[in-house]
Amino acid sequence: MKLDIYVFSITMTEEKAENLGVKLAGLDKIFEECDVISNHLANNEKTKGIIGKTLLSKLKDYSTFINTGRGAQVDEEALVEMLQKNPTITAVLDVTDPEPPQADSSLFALPNLFLTPHIAGSAGSEVCRMAEYMFEESKRFKKGETCYYEVTLEMLKTMA
């Protein structure tokens, strides 16, 4: 089975997309055509509320929306409204705004919405793997060697 992967990115070049085997697309196209949409946008002022009523209304029947980016990127009121109108659409939220949701949040009452704990990979053997990576990285840094996983201030502008 061939899987087409569409990516919205303001920094990725067509060449890089081709090398990764993905297709660059606008958010409208992604929300109109994809069966599964997973948000990993960077958290900044430009992305706050970017996934609102207009985009959410474009979701196809039986599609799934996943948010592991940031809660503030999604208009949760519009998401709740859309999920109430179309029970064939599913949402999975790893992040919310506020986080965690208030006890009386409508998010808890929707049978087609699933909330997961925002633990950012901090479970099971993942914790040990990350610790090993950082230990090795700190040894490289201390020796003045090039770090494999360096994150610069410039990179933070485009990271989730």
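The values are calculated or read from the model by the stated rules, or taken from the named source; none is laboratory data. Fair warning: this is a prediction, and the values are worked out from it, not measured in the lab. We place every Cβ from the backbone using ideal geometry, glycine too, and count neighbours over all the protein chains shown. Heads up: the accessible areas ignore ligands, DNA and RNA and are worked out on the full protein's heavy atoms, side chains in. Shrake-Rupley method; radii C 1.70, N 1.55, O 1.52, S 1.80 Å.
Among the residues of the stretch 1-20, write down those that are under 19 Å from the mean Cα position of the chain (by Cα), of a type outside the set (Val, Ile, Thr) and under 22 Å from Met155 (Cα atoms).
Tyr6, Phe8, Ser9, Met12, Ala17, Leu20
Among the numbered criteria (1) of a type outside the set (Lys, Arg); (2) open to solvent by 90 Å² or more (accessible area, probe 1.4 Å); (3) outside any loop (DSSP other than H, G, I, E, B); (4) under 22 Å from Cys34 (Cβ atoms), which single criterion is violated by Glu132?
(4)
For the stretch 71-122, which positions are crowded, with 16+ Cβ neighbours inside 10 Å and of a type in the set (S, T, N, Q)?
Scanning the stretch 71-122 gives Gln73, Asn86, Thr90, Thr96, Ser106.
Which condition number does Met1 fail, the rest of (1) among the hydrophobic types (A, V, I, L, M, F, W, C); (2) assigned to a loop (DSSP other than H, G, I, E, B); (3) in contact (Cβ under 8 Å) with a residue 12 or more places away in the chain being met?
Here Met1 clears every test but (3).
Criterion first (in contact (Cβ under 8 Å) with a residue 60 or more places away in the chain and open to solvent by 70 Å² or more (accessible area, probe 1.4 Å)) does Lys157 satisfy it?
Here the answer is yes, as Lys157 does meet what is asked.
Look through the stretch 7-26, keep the residues that are of a type in the set (Ser, Thr, Tyr) and closer than 15 Å to His40 by Cβ, and return whichever of them is most open to solvent (accessible area, probe 1.4 Å).
Per the stated criteria, the residue is Thr11.
Restricting attention to the stretch 35-53, which residues are part of a loop (DSSP other than H, G, I, E, B), under 17 Å from Val80 (Cα atoms) and open to solvent by 30 Å² or more (accessible area, probe 1.4 Å)?
Residues satisfying the conditions are Gly49, Ile50.
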